[in-house]
1. Could you tally up the Lys pairs in the range 254-363 with alpha carbons closer than 23 Å? Skip any pair fewer than 8 positions apart unless they're on separate chains.
2. Beta carbons within 10 angstrom, averaged per residue: use that to sort the peptides 411-417, 301-307, highest first.
3. In debye to the nearest 20, how big a dipole does the chain give about its Cα centre with +1 on each Lys and Arg Cβ and -1 on each Asp and Glu Cβ?
4. Taking 0.36 nm per residue of sequence separation and subtracting the Cα-Cα distance, how much length would be gained by fully extending the chain between Thr531 and Glu109, in nm to one decimal?
5. Only helices at least 15 Å long along their axis, Cα-based, and averaging -1.0 or more on Kyte-Doolittle count here, so list those DSSP H runs from the chain.
6. So what's the projected area for the range 6-246, the Cα convex hull averaged over all directions, in nm²?
7. Given a 1.4 Å probe and every protein chain left where it sits, what share in percent of the accessible area of the chain is carbon and sulfur?
8. Can you tell me the FRET efficiency between Ala381 and Val293 if r is taken as the Cβ-Cβ distance and R0 is 51 Å, rounded to the nearest 0.05?
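The values are calculated or read from the model by the stated rules, or taken from the named source; none is laboratory data. Since this is a predicted model, take the numbers as computed values, not measurements. Here the Cβ positions follow ideal geometry from the backbone for every residue, glycine too, while neighbour counts run over all protein chains shown. Remember, those area values only see protein heavy atoms, side chains included, never the ligands or the DNA or RNA. Shrake-Rupley method; radii C 1.70, N 1.55, O 1.52, S 1.80 Å.
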Amino acid sequence: MSQILVSTIRSQYLDFFKSKQHAIIPSAPLVPENDPSVLFNTAGMQPLVPYLLGEPHPLGKRLADVQKCVRTGDIDDVGDDTHLTFFEMLGNWSLGDYFKRESIEMSWEFLTSKDWLGLDPEMISVTVFEGDANAPRDEESADIWKSIGMPVDKIAYLPAEDNWWAAGPTGPCGPDTEIFYWMGEGKPPHGSNKGTDSKMWMEIWNNVFMQYNRVDATTLNNLPAQCVDTGMGIERCAVTLNGMKSVYETDSFAPVLEKIKQIVGENNYNERSARIIADHIRTATHMISDGVVPKNMDQGYILRRLIRRAIREAYKMGYELPFASEIAEIYIAQFSSIYASVANNAEKIKTELNLEEGKFAKTLKDGVREFEKIVGGFKIAFERSGQQITQISGGKAFTLFDTYGFPLEMTVELAKEQGLSVDIEGFNVAFEKHQELSRTASAGKFVGGLGDNSPETVALHSACHLMLAGLRKVLGDCVHQAGSNITAERLRFDFTYGEKMTPEQIKAVEEYVNTAILSELTVSIDNMDKTEAKNGGVEGAFWEKYPDIVKVYSMKGADGVTYSRELCGGPHVENSREMGKFRIVKEESSSSGVRRIKAVLEK
Ligand code: SER
(Lines give C-alpha, C1' and ligand atoms only; values in the text may rest on other atoms or scores of the structure.)
Protein backbone atom coordinates (compact mmCIF):
# COMPACT_ATOMS: atom_id res chain seq x y z
CA MET A 1 0.00 0.00 0.00
CA SER A 2 1.34 3.39 -0.85
CA GLN A 3 1.97 5.87 1.92
CA ILE A 4 -0.74 8.36 2.89
CA LEU A 5 0.85 11.80 2.99
CA VAL A 6 0.34 14.37 5.70
CA SER A 7 -0.85 16.89 3.11
CA THR A 8 -3.52 14.40 1.94
CA ILE A 9 -4.85 14.02 5.47
CA ARG A 10 -4.93 17.80 5.89
CA SER A 11 -6.88 18.38 2.70
CA GLN A 12 -9.20 15.37 3.14
CA TYR A 13 -10.10 16.54 6.60
CA LEU A 14 -10.98 20.03 5.42
CA ASP A 15 -12.87 18.66 2.38
CA PHE A 16 -14.90 16.35 4.57
CA PHE A 17 -16.00 19.12 6.90
CA LYS A 18 -16.64 21.45 3.98
CA SER A 19 -19.06 18.78 2.70
CA LYS A 20 -20.72 18.98 6.13
CA GLN A 21 -21.33 22.73 5.76
CA HIS A 22 -18.34 23.88 7.83
CA ALA A 23 -16.60 27.14 6.92
CA ILE A 24 -12.83 26.68 6.71
CA ILE A 25 -10.97 29.26 8.77
CA PRO A 26 -7.20 29.98 8.61
CA SER A 27 -4.82 29.10 11.45
CA ALA A 28 -4.27 31.93 13.90
CA PRO A 29 -0.59 32.91 14.35
CA LEU A 30 1.41 30.93 16.92
CA VAL A 31 1.67 33.92 19.23
CA PRO A 32 -1.78 34.65 20.66
CA GLU A 33 -3.11 37.99 19.57
CA ASN A 34 -5.22 38.91 22.57
CA ASP A 35 -3.98 36.72 25.36
CA PRO A 36 -0.87 37.85 27.20
CA SER A 37 -1.21 34.93 29.61
CA VAL A 38 0.37 32.35 27.30
CA LEU A 39 3.42 32.64 25.04
CA PHE A 40 2.11 30.37 22.28
CA ASN A 41 -1.16 28.79 21.25
CA THR A 42 -1.06 25.35 22.81
CA ALA A 43 -4.39 24.03 21.51
CA GLY A 44 -6.67 24.51 18.56
CA MET A 45 -9.35 25.97 20.77
CA GLN A 46 -7.29 28.82 22.19
CA PRO A 47 -7.92 31.37 19.41
CA LEU A 48 -11.61 30.41 19.44
CA VAL A 49 -12.25 30.99 23.15
CA PRO A 50 -14.23 34.24 22.64
CA TYR A 51 -16.61 32.37 20.29
CA LEU A 52 -17.02 29.45 22.67
CA LEU A 53 -17.93 32.06 25.29
CA GLY A 54 -20.72 33.38 23.10
CA GLU A 55 -19.37 36.00 20.72
CA PRO A 56 -20.84 35.31 17.23
CA HIS A 57 -18.25 34.14 14.70
CA PRO A 58 -18.44 36.03 11.39
CA LEU A 59 -18.29 32.76 9.43
CA GLY A 60 -21.09 31.04 11.28
CA LYS A 61 -21.61 28.21 13.72
CA ARG A 62 -19.81 25.37 11.93
CA LEU A 63 -16.09 25.85 11.46
CA ALA A 64 -13.10 23.68 10.63
CA ASP A 65 -9.41 24.55 10.69
CA VAL A 66 -5.80 23.46 11.01
CA GLN A 67 -4.28 25.34 13.93
CA LYS A 68 -0.54 25.70 14.52
CA CYS A 69 0.40 24.91 18.13
CA VAL A 70 3.56 24.87 20.24
CA ARG A 71 3.99 22.90 23.45
CA THR A 72 7.39 22.85 25.13
CA GLY A 73 6.38 21.25 28.42
CA ASP A 74 7.68 17.84 27.31
CA ILE A 75 10.77 19.12 25.52
CA ASP A 76 12.97 16.52 27.19
CA ASP A 77 10.91 13.74 25.60
CA VAL A 78 11.44 15.05 22.08
CA GLY A 79 13.40 12.42 20.17
CA ASP A 80 11.11 9.56 21.20
CA ASP A 81 8.40 8.30 18.82
CA THR A 82 5.60 10.73 19.57
CA HIS A 83 6.60 14.02 21.22
CA LEU A 84 6.86 17.16 19.11
CA THR A 85 7.20 20.80 20.15
CA PHE A 86 5.27 22.07 17.10
CA PHE A 87 2.21 20.37 15.76
CA GLU A 88 -0.86 21.11 13.69
CA MET A 89 -4.23 20.40 15.21
CA LEU A 90 -7.08 19.49 12.88
CA GLY A 91 -10.29 20.78 14.42
CA ASN A 92 -13.98 21.00 13.73
CA TRP A 93 -16.15 23.34 15.72
CA SER A 94 -19.79 23.72 16.54
CA LEU A 95 -20.62 27.05 18.14
CA GLY A 96 -24.07 26.24 19.47
CA ASP A 97 -24.99 24.22 16.38
CA TYR A 98 -24.62 20.41 16.50
CA PHE A 99 -23.69 18.60 19.70
CA LYS A 100 -22.80 15.06 20.74
CA ARG A 101 -24.68 12.96 18.19
CA GLU A 102 -23.59 14.70 15.01
CA SER A 103 -20.09 15.25 16.29
CA ILE A 104 -19.57 11.55 17.03
CA GLU A 105 -21.28 10.46 13.83
CA MET A 106 -19.16 12.75 11.68
CA SER A 107 -15.92 11.61 13.34
CA TRP A 108 -16.92 7.99 12.76
CA GLU A 109 -17.78 8.61 9.14
CA PHE A 110 -14.53 10.45 8.43
CA LEU A 111 -12.44 7.74 10.08
CA THR A 112 -14.15 4.64 8.75
CA SER A 113 -15.94 5.49 5.50
CA LYS A 114 -14.20 4.13 2.39
CA ASP A 115 -14.78 7.57 0.83
CA TRP A 116 -12.56 9.13 3.49
CA LEU A 117 -9.88 7.55 5.70
CA GLY A 118 -11.40 4.07 5.54
CA LEU A 119 -9.93 2.79 8.84
CA ASP A 120 -11.01 -0.66 10.04
CA PRO A 121 -13.72 -0.14 12.73
CA GLU A 122 -12.47 -3.15 14.64
CA MET A 123 -9.19 -1.36 15.33
CA ILE A 124 -10.94 1.52 17.10
CA SER A 125 -12.03 1.91 20.73
CA VAL A 126 -13.39 4.94 22.58
CA THR A 127 -13.59 6.49 26.03
CA VAL A 128 -16.30 8.62 27.64
CA PHE A 129 -16.46 10.65 30.87
CA GLU A 130 -17.35 8.56 33.92
CA GLY A 131 -18.89 11.50 35.81
CA ASP A 132 -18.01 13.35 39.02
CA ALA A 133 -19.30 16.17 41.21
CA ASN A 134 -19.02 18.63 38.30
CA ALA A 135 -20.90 16.79 35.60
CA PRO A 136 -22.82 13.53 35.14
CA ARG A 137 -21.58 10.28 33.64
CA ASP A 138 -21.73 10.69 29.88
CA GLU A 139 -24.22 7.94 29.05
CA GLU A 140 -25.45 10.05 26.16
CA SER A 141 -22.16 9.75 24.28
CA ALA A 142 -21.86 6.07 25.18
CA ASP A 143 -25.36 5.45 23.79
CA ILE A 144 -24.52 7.26 20.58
CA TRP A 145 -21.39 5.12 20.18
CA LYS A 146 -23.44 1.96 20.77
CA SER A 147 -26.07 3.07 18.29
CA ILE A 148 -23.47 3.35 15.51
CA GLY A 149 -22.13 -0.11 16.23
CA MET A 150 -19.34 0.33 18.82
CA PRO A 151 -19.26 -2.87 20.92
CA VAL A 152 -19.92 -2.24 24.62
CA ASP A 153 -16.54 -3.68 25.62
CA LYS A 154 -14.75 -1.11 23.45
CA ILE A 155 -16.25 1.80 25.41
CA ALA A 156 -14.31 2.73 28.56
CA TYR A 157 -15.65 5.16 31.16
CA LEU A 158 -12.74 7.20 32.54
CA PRO A 159 -12.40 9.99 35.14
CA ALA A 160 -11.84 13.72 34.60
CA GLU A 161 -8.10 13.20 34.51
CA ASP A 162 -8.56 11.49 31.13
CA ASN A 163 -11.89 12.67 29.82
CA TRP A 164 -12.34 16.29 30.82
CA TRP A 165 -10.75 19.03 28.75
CA ALA A 166 -9.84 22.62 29.63
CA ALA A 167 -7.10 24.82 28.18
CA GLY A 168 -6.37 26.65 31.43
CA PRO A 169 -7.44 27.14 35.02
CA THR A 170 -10.48 29.12 33.88
CA GLY A 171 -12.53 29.28 30.69
CA PRO A 172 -14.56 26.93 28.50
CA CYS A 173 -14.34 23.24 29.34
CA GLY A 174 -16.32 20.04 29.34
CA PRO A 175 -16.34 16.26 29.15
CA ASP A 176 -14.86 14.63 26.07
CA THR A 177 -15.00 11.40 24.18
CA GLU A 178 -11.67 10.21 22.84
CA ILE A 179 -11.03 7.87 19.93
CA PHE A 180 -8.14 5.38 19.99
CA TYR A 181 -6.46 3.16 17.42
CA TRP A 182 -4.96 -0.26 18.16
CA MET A 183 -1.16 -0.22 17.80
CA GLY A 184 -0.50 -3.89 18.51
CA GLU A 185 0.00 -6.78 16.13
CA GLY A 186 -3.15 -7.97 14.37
CA LYS A 187 -6.59 -7.14 15.72
CA PRO A 188 -7.17 -6.07 19.34
CA PRO A 189 -8.19 -8.99 21.59
CA HIS A 190 -11.77 -9.22 22.76
CA GLY A 191 -12.53 -6.78 25.60
CA SER A 192 -9.41 -4.66 25.05
CA ASN A 193 -9.96 -0.91 25.32
CA LYS A 194 -8.09 2.16 26.53
CA GLY A 195 -9.26 1.48 30.09
CA THR A 196 -8.01 -2.12 30.22
CA ASP A 197 -4.97 -1.98 27.97
CA SER A 198 -3.93 1.64 27.82
CA LYS A 199 -0.42 1.31 26.33
CA MET A 200 -1.64 -0.43 23.19
CA TRP A 201 -4.12 2.26 22.15
CA MET A 202 -3.01 5.52 20.53
CA GLU A 203 -5.31 8.52 20.88
CA ILE A 204 -6.16 9.90 17.48
CA TRP A 205 -9.07 12.25 18.06
CA ASN A 206 -10.58 14.13 20.94
CA ASN A 207 -14.15 15.43 20.79
CA VAL A 208 -14.77 17.90 23.60
CA PHE A 209 -18.33 18.81 24.50
CA MET A 210 -17.77 22.38 25.61
CA GLN A 211 -20.68 23.07 27.79
CA TYR A 212 -19.25 24.80 30.84
CA ASN A 213 -17.25 27.87 31.74
CA ARG A 214 -14.94 27.51 34.73
CA VAL A 215 -14.98 30.81 36.54
CA ASP A 216 -12.91 29.81 39.56
CA ALA A 217 -12.05 26.72 41.56
CA THR A 218 -15.58 26.37 42.89
CA THR A 219 -17.76 27.87 40.15
CA LEU A 220 -18.69 26.11 36.95
CA ASN A 221 -21.28 27.99 34.89
CA ASN A 222 -23.02 26.86 31.73
CA LEU A 223 -21.77 28.35 28.48
CA PRO A 224 -24.38 30.40 26.58
CA ALA A 225 -24.60 27.52 24.08
CA GLN A 226 -23.45 23.91 23.87
CA CYS A 227 -20.35 23.76 21.68
CA VAL A 228 -18.06 21.12 20.20
CA ASP A 229 -14.25 21.38 19.97
CA THR A 230 -12.43 18.49 18.38
CA GLY A 231 -8.71 18.00 17.94
CA MET A 232 -6.68 15.53 15.90
CA GLY A 233 -2.88 15.81 15.70
CA ILE A 234 -1.96 15.48 12.06
CA GLU A 235 1.28 13.47 12.41
CA ARG A 236 -0.31 11.03 14.84
CA CYS A 237 -3.06 10.45 12.36
CA ALA A 238 -0.46 9.79 9.64
CA VAL A 239 1.37 7.31 11.90
CA THR A 240 -1.86 5.41 12.48
CA LEU A 241 -3.00 5.37 8.89
CA ASN A 242 0.35 4.16 7.65
CA GLY A 243 0.94 1.59 10.38
CA MET A 244 4.15 3.35 11.39
CA LYS A 245 5.91 3.32 14.75
CA SER A 246 7.05 6.92 14.96
CA VAL A 247 6.09 10.39 13.76
CA TYR A 248 9.58 10.65 12.27
CA GLU A 249 8.69 8.03 9.69
CA THR A 250 5.99 10.28 8.23
CA ASP A 251 6.68 12.42 5.18
CA SER A 252 6.83 15.50 7.46
CA PHE A 253 10.15 14.31 8.85
CA ALA A 254 11.60 11.43 6.83
CA PRO A 255 13.19 13.71 4.18
CA VAL A 256 14.59 15.93 6.93
CA LEU A 257 16.29 13.03 8.72
CA GLU A 258 17.68 11.96 5.36
CA LYS A 259 19.08 15.46 4.82
CA ILE A 260 20.66 15.48 8.28
CA LYS A 261 22.27 12.14 7.53
CA GLN A 262 23.72 13.64 4.36
CA ILE A 263 24.98 16.70 6.17
CA VAL A 264 26.68 14.97 9.10
CA GLY A 265 27.70 11.83 7.23
CA GLU A 266 26.26 8.36 7.63
CA ASN A 267 28.89 7.23 10.11
CA ASN A 268 28.34 10.13 12.48
CA TYR A 269 24.55 9.98 12.27
CA ASN A 270 22.64 9.47 15.50
CA GLU A 271 18.88 8.99 15.22
CA ARG A 272 17.93 10.71 18.48
CA SER A 273 20.09 13.77 17.82
CA ALA A 274 18.71 14.00 14.29
CA ARG A 275 15.12 13.82 15.57
CA ILE A 276 15.74 16.62 18.04
CA ILE A 277 17.23 18.78 15.30
CA ALA A 278 14.33 17.99 12.96
CA ASP A 279 11.75 18.88 15.60
CA HIS A 280 13.45 22.02 16.91
CA ILE A 281 14.25 23.56 13.54
CA ARG A 282 10.69 22.92 12.36
CA THR A 283 9.33 24.72 15.42
CA ALA A 284 11.87 27.52 15.00
CA THR A 285 10.84 27.93 11.35
CA HIS A 286 7.21 28.46 12.32
CA MET A 287 8.03 30.73 15.25
CA ILE A 288 10.14 33.01 13.08
CA SER A 289 7.47 32.97 10.36
CA ASP A 290 5.07 34.34 12.98
CA GLY A 291 7.37 37.16 14.01
CA VAL A 292 9.40 35.73 16.91
CA VAL A 293 13.15 36.41 16.93
CA PRO A 294 15.79 34.90 19.26
CA LYS A 295 16.06 36.94 22.46
CA ASN A 296 16.70 36.43 26.14
CA MET A 297 13.10 36.60 27.23
CA ASP A 298 9.55 35.44 26.49
CA GLN A 299 8.88 33.78 23.12
CA GLY A 300 12.34 34.75 21.91
CA TYR A 301 13.97 32.84 24.74
CA ILE A 302 12.13 29.64 23.86
CA LEU A 303 13.15 30.10 20.23
CA ARG A 304 16.79 30.71 21.19
CA ARG A 305 16.82 27.64 23.36
CA LEU A 306 15.41 25.46 20.58
CA ILE A 307 17.96 26.66 18.05
CA ARG A 308 20.88 26.32 20.48
CA ARG A 309 19.78 22.85 21.51
CA ALA A 310 19.60 21.81 17.86
CA ILE A 311 23.10 23.15 17.23
CA ARG A 312 24.44 21.22 20.19
CA GLU A 313 22.93 18.01 18.86
CA ALA A 314 24.78 18.58 15.59
CA TYR A 315 28.01 19.10 17.57
CA LYS A 316 27.37 15.81 19.30
CA MET A 317 27.43 14.17 15.87
CA GLY A 318 30.70 15.89 15.19
CA TYR A 319 29.24 18.49 12.82
CA GLU A 320 30.28 22.06 13.52
CA LEU A 321 29.31 24.07 10.46
CA PRO A 322 26.10 26.06 9.96
CA PHE A 323 23.24 23.80 8.85
CA ALA A 324 19.98 25.15 10.28
CA SER A 325 18.87 27.16 7.26
CA GLU A 326 19.43 24.14 5.00
CA ILE A 327 17.03 22.15 7.15
CA ALA A 328 14.61 25.06 7.30
CA GLU A 329 14.51 25.12 3.51
CA ILE A 330 12.80 21.72 3.48
CA TYR A 331 10.16 22.99 5.88
CA ILE A 332 9.73 26.22 3.94
CA ALA A 333 8.99 24.13 0.85
CA GLN A 334 6.59 21.88 2.79
CA PHE A 335 4.60 24.68 4.38
CA SER A 336 4.71 27.60 1.95
CA SER A 337 1.54 26.58 0.15
CA ILE A 338 -0.27 26.09 3.46
CA TYR A 339 0.78 29.09 5.52
CA ALA A 340 1.34 32.46 3.86
CA SER A 341 3.42 33.47 6.87
CA VAL A 342 6.01 30.84 5.92
CA ALA A 343 6.01 31.75 2.21
CA ASN A 344 6.29 35.47 2.94
CA ASN A 345 9.10 35.10 5.47
CA ALA A 346 11.24 32.47 3.77
CA GLU A 347 14.32 34.71 3.66
CA LYS A 348 13.83 36.04 7.16
CA ILE A 349 13.60 32.51 8.56
CA LYS A 350 16.94 31.59 7.05
CA THR A 351 18.60 34.85 8.04
CA GLU A 352 17.50 34.63 11.67
CA LEU A 353 18.66 31.03 11.91
CA ASN A 354 22.03 31.92 10.38
CA LEU A 355 22.47 34.86 12.73
CA GLU A 356 21.67 32.84 15.82
CA GLU A 357 23.86 30.00 14.67
CA GLY A 358 26.71 32.43 14.14
CA LYS A 359 26.28 33.96 17.57
CA PHE A 360 26.24 30.63 19.30
CA ALA A 361 28.91 28.90 17.27
CA LYS A 362 31.38 31.58 18.25
CA THR A 363 31.22 30.58 21.86
CA LEU A 364 29.86 27.05 21.85
CA LYS A 365 32.99 25.24 20.83
CA ASP A 366 35.08 27.02 23.41
CA GLY A 367 32.34 26.46 25.96
CA VAL A 368 32.15 22.74 25.37
CA ARG A 369 35.94 22.58 25.57
CA GLU A 370 35.80 24.51 28.84
CA PHE A 371 33.17 22.11 30.11
CA GLU A 372 35.27 19.12 29.15
CA LYS A 373 38.22 20.69 30.91
CA ILE A 374 36.19 20.95 34.08
CA VAL A 375 35.14 17.31 33.85
CA GLY A 376 38.67 16.27 32.93
CA GLY A 377 39.88 18.02 36.08
CA PHE A 378 37.49 15.88 38.12
CA LYS A 379 38.96 12.73 36.61
CA ILE A 380 42.52 13.82 37.31
CA ALA A 381 41.60 14.66 40.90
CA PHE A 382 40.12 11.20 41.26
CA GLU A 383 43.17 9.46 39.81
CA ARG A 384 45.57 11.46 41.97
CA SER A 385 43.79 11.45 45.28
CA GLY A 386 40.77 9.18 44.95
CA GLN A 387 38.60 12.22 45.54
CA GLN A 388 35.29 11.82 43.73
CA ILE A 389 33.82 15.17 42.63
CA THR A 390 30.24 14.89 41.43
CA GLN A 391 29.18 18.50 41.26
CA ILE A 392 30.09 21.43 39.02
CA SER A 393 30.53 24.52 41.17
CA GLY A 394 28.29 27.54 40.84
CA GLY A 395 31.23 29.70 39.84
CA LYS A 396 32.15 27.39 36.96
CA ALA A 397 28.53 27.17 35.82
CA PHE A 398 28.41 30.94 35.87
CA THR A 399 31.57 31.25 33.76
CA LEU A 400 29.97 28.94 31.20
CA PHE A 401 26.91 31.17 31.23
CA ASP A 402 28.62 34.52 31.23
CA THR A 403 31.61 33.88 28.98
CA TYR A 404 30.32 31.11 26.72
CA GLY A 405 26.60 31.88 26.43
CA PHE A 406 25.47 28.57 27.95
CA PRO A 407 21.98 28.82 29.37
CA LEU A 408 22.15 27.25 32.87
CA GLU A 409 19.81 24.47 31.77
CA MET A 410 22.31 23.49 29.10
CA THR A 411 25.10 23.12 31.64
CA VAL A 412 22.71 21.05 33.75
CA GLU A 413 21.96 18.90 30.69
CA LEU A 414 25.63 18.41 29.83
CA ALA A 415 26.41 17.60 33.46
CA LYS A 416 23.60 15.06 33.62
CA GLU A 417 25.06 13.26 30.61
CA GLN A 418 28.25 12.82 32.66
CA GLY A 419 26.40 11.74 35.80
CA LEU A 420 27.20 15.08 37.47
CA SER A 421 25.09 17.73 39.16
CA VAL A 422 25.42 21.51 39.19
CA ASP A 423 25.51 23.75 42.26
CA ILE A 424 22.54 25.88 41.37
CA GLU A 425 22.67 27.80 44.66
CA GLY A 426 26.26 28.76 43.95
CA PHE A 427 25.30 29.79 40.44
CA ASN A 428 22.64 32.04 41.98
CA VAL A 429 25.13 33.83 44.16
CA ALA A 430 27.41 34.53 41.20
CA PHE A 431 24.45 35.45 39.04
CA GLU A 432 23.03 37.91 41.57
CA LYS A 433 26.33 39.62 42.03
CA HIS A 434 26.53 40.02 38.29
CA GLN A 435 22.94 41.28 38.14
CA GLU A 436 23.64 43.94 40.75
CA LEU A 437 26.49 45.15 38.58
CA SER A 438 24.55 45.17 35.36
CA ARG A 439 21.53 46.69 37.03
CA THR A 440 23.65 49.64 38.06
CA ALA A 441 25.15 49.74 34.59
CA SER A 442 21.83 49.73 32.78
CA ALA A 443 19.81 51.86 35.19
CA GLY A 444 16.94 53.50 33.39
CA LYS A 445 16.64 50.72 30.81
CA PHE A 446 13.31 49.07 30.11
CA VAL A 447 13.33 46.06 32.43
CA GLY A 448 10.93 43.23 33.19
CA GLY A 449 7.98 44.59 31.23
CA LEU A 450 7.69 47.74 33.30
CA GLY A 451 6.96 51.09 31.71
CA ASP A 452 10.21 52.50 33.14
CA ASN A 453 12.65 51.77 35.89
CA SER A 454 11.94 54.70 38.23
CA PRO A 455 11.83 54.06 41.99
CA GLU A 456 8.04 54.68 41.89
CA THR A 457 7.50 52.03 39.21
CA VAL A 458 9.74 49.53 40.93
CA ALA A 459 7.88 50.06 44.22
CA LEU A 460 4.54 49.49 42.45
CA HIS A 461 5.93 46.33 40.91
CA SER A 462 6.80 45.00 44.37
CA ALA A 463 3.33 46.07 45.53
CA CYS A 464 1.80 44.07 42.68
CA HIS A 465 3.34 40.89 43.99
CA LEU A 466 2.33 41.54 47.56
CA MET A 467 -1.18 42.28 46.33
CA LEU A 468 -1.39 38.99 44.44
CA ALA A 469 -0.33 37.16 47.62
CA GLY A 470 -3.02 39.13 49.50
CA LEU A 471 -5.67 38.34 46.88
CA ARG A 472 -4.86 34.65 47.10
CA LYS A 473 -5.09 34.79 50.86
CA VAL A 474 -8.42 36.62 50.86
CA LEU A 475 -10.13 35.14 47.77
CA GLY A 476 -8.49 31.74 47.52
CA ASP A 477 -5.89 29.83 45.54
CA CYS A 478 -7.96 30.06 42.36
CA VAL A 479 -6.55 33.58 41.92
CA HIS A 480 -3.67 33.85 39.47
CA GLN A 481 -2.14 36.72 37.57
CA ALA A 482 -3.68 37.30 34.14
CA GLY A 483 -1.77 40.45 33.14
CA SER A 484 -0.25 43.65 34.49
CA ASN A 485 0.76 47.12 33.43
CA ILE A 486 2.76 49.39 35.69
CA THR A 487 3.69 53.05 35.35
CA ALA A 488 5.24 55.44 37.87
CA GLU A 489 1.74 56.61 38.84
CA ARG A 490 -0.27 53.41 39.32
CA LEU A 491 -0.43 49.68 38.88
CA ARG A 492 -3.04 47.87 36.83
CA PHE A 493 -3.37 44.20 37.53
CA ASP A 494 -5.63 41.52 36.03
CA PHE A 495 -6.34 38.29 37.84
CA THR A 496 -8.54 35.24 37.49
CA TYR A 497 -11.61 35.53 39.67
CA GLY A 498 -15.26 35.27 38.78
CA GLU A 499 -17.00 37.77 41.05
CA LYS A 500 -16.92 41.37 42.06
CA MET A 501 -14.91 41.82 45.24
CA THR A 502 -16.77 43.09 48.30
CA PRO A 503 -15.56 46.27 50.08
CA GLU A 504 -14.47 44.04 52.99
CA GLN A 505 -12.35 41.88 50.71
CA ILE A 506 -10.74 44.94 49.14
CA LYS A 507 -9.93 46.27 52.61
CA ALA A 508 -8.48 42.93 53.69
CA VAL A 509 -6.16 42.88 50.68
CA GLU A 510 -5.04 46.47 51.35
CA GLU A 511 -4.34 45.52 54.93
CA TYR A 512 -2.31 42.50 53.90
CA VAL A 513 -0.11 44.64 51.65
CA ASN A 514 0.30 47.46 54.18
CA THR A 515 1.17 45.06 57.01
CA ALA A 516 3.76 43.52 54.74
CA ILE A 517 5.19 46.94 53.84
CA LEU A 518 5.41 47.96 57.50
CA SER A 519 7.27 44.80 58.40
CA GLU A 520 10.33 46.14 56.53
CA LEU A 521 10.46 43.45 53.91
CA THR A 522 13.63 42.54 52.14
CA VAL A 523 13.76 40.88 48.76
CA SER A 524 15.81 37.97 47.52
CA ILE A 525 15.95 36.26 44.13
CA ASP A 526 16.94 32.62 43.60
CA ASN A 527 17.34 30.52 40.51
CA MET A 528 15.53 27.27 41.15
CA ASP A 529 14.73 24.06 39.38
CA LYS A 530 11.23 24.62 37.95
CA THR A 531 9.72 21.38 39.25
CA GLU A 532 11.11 21.97 42.71
CA ALA A 533 9.75 25.51 42.73
CA LYS A 534 6.31 24.38 41.59
CA ASN A 535 6.10 21.54 44.08
CA GLY A 536 7.43 23.83 46.80
CA GLY A 537 4.39 26.09 46.50
CA VAL A 538 5.92 29.01 44.58
CA GLU A 539 3.13 31.06 43.01
CA GLY A 540 3.07 31.44 39.25
CA ALA A 541 0.62 31.10 36.41
CA PHE A 542 1.37 29.26 33.14
CA TRP A 543 4.46 27.37 34.26
CA GLU A 544 4.82 25.81 30.84
CA LYS A 545 6.06 29.09 29.43
CA TYR A 546 9.08 29.19 31.74
CA PRO A 547 12.45 27.50 31.18
CA ASP A 548 13.58 24.61 33.42
CA ILE A 549 15.46 26.94 35.69
CA VAL A 550 13.27 29.75 36.98
CA LYS A 551 13.83 32.91 38.94
CA VAL A 552 11.94 32.86 42.20
CA TYR A 553 11.66 36.00 44.18
CA SER A 554 10.74 36.10 47.89
CA MET A 555 9.77 38.98 50.17
CA LYS A 556 10.42 38.34 53.81
CA GLY A 557 9.55 40.64 56.71
CA ALA A 558 11.74 41.50 59.68
CA ASP A 559 9.13 39.43 61.56
CA GLY A 560 10.38 36.35 59.68
CA VAL A 561 7.13 35.97 57.71
CA THR A 562 7.38 35.32 53.95
CA TYR A 563 4.76 37.59 52.43
CA SER A 564 5.21 36.67 48.81
CA ARG A 565 7.06 34.00 46.85
CA GLU A 566 6.62 34.05 43.11
CA LEU A 567 8.13 33.43 39.72
CA CYS A 568 9.61 36.77 38.72
CA GLY A 569 12.86 38.45 37.85
CA GLY A 570 12.37 41.87 39.38
CA PRO A 571 13.26 44.68 39.64
CA HIS A 572 12.08 45.16 43.22
CA VAL A 573 12.60 47.53 46.12
CA GLU A 574 15.48 46.62 48.39
CA ASN A 575 13.46 47.24 51.50
CA SER A 576 9.72 47.88 51.66
CA ARG A 577 10.27 50.89 53.94
CA GLU A 578 10.55 52.90 50.72
CA MET A 579 7.11 51.94 49.45
CA GLY A 580 4.58 54.19 51.20
CA LYS A 581 0.93 53.29 51.75
CA PHE A 582 -0.93 50.98 49.40
CA ARG A 583 -4.48 51.79 48.28
CA ILE A 584 -6.82 50.09 45.80
CA VAL A 585 -8.61 52.77 43.79
CA LYS A 586 -10.71 50.60 41.49
CA GLU A 587 -11.90 47.01 41.13
CA GLU A 588 -13.79 46.10 38.00
CA SER A 589 -14.41 43.37 35.45
CA SER A 590 -11.71 43.01 32.79
CA SER A 591 -13.14 40.13 30.77
CA SER A 592 -15.09 36.99 31.52
CA GLY A 593 -13.65 35.39 34.65
CA VAL A 594 -10.96 38.06 34.98
CA ARG A 595 -11.04 41.06 37.36
CA ARG A 596 -8.94 44.21 37.14
CA ILE A 597 -7.54 46.29 39.99
CA LYS A 598 -6.00 49.73 39.81
CA ALA A 599 -3.96 50.69 42.84
CA VAL A 600 -1.51 53.36 44.01
CA LEU A 601 1.17 53.90 46.61
CA GLU A 602 0.76 57.08 48.63
CA LYS A 603 3.56 58.78 50.52
N1 SER B 1 -9.05 21.10 22.82
C2 SER B 1 -8.89 19.70 22.64
C3 SER B 1 -7.44 19.27 22.53
O4 SER B 1 -6.56 20.09 22.35
C5 SER B 1 -9.62 19.27 21.39
O6 SER B 1 -9.31 20.11 20.33
O7 SER B 1 -7.17 18.10 22.63
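1. 16
2. Per-residue mean Cβ counts within 10 Å order the peptides as 301-307, 411-417.
3. 1240 debye
4. Using 0.36 nm per residue and subtracting the Cα-Cα distance, I get 147.6 nm.
5. TM-like helix candidates: 6-19, 100-112, 254-264, 271-289, 298-316, 324-335, 346-385, 424-441, 455-475, 503-518.
6. 12.8 nm²
7. 50 percent
8. Once the sixth-power term is evaluated, E becomes 0.75.
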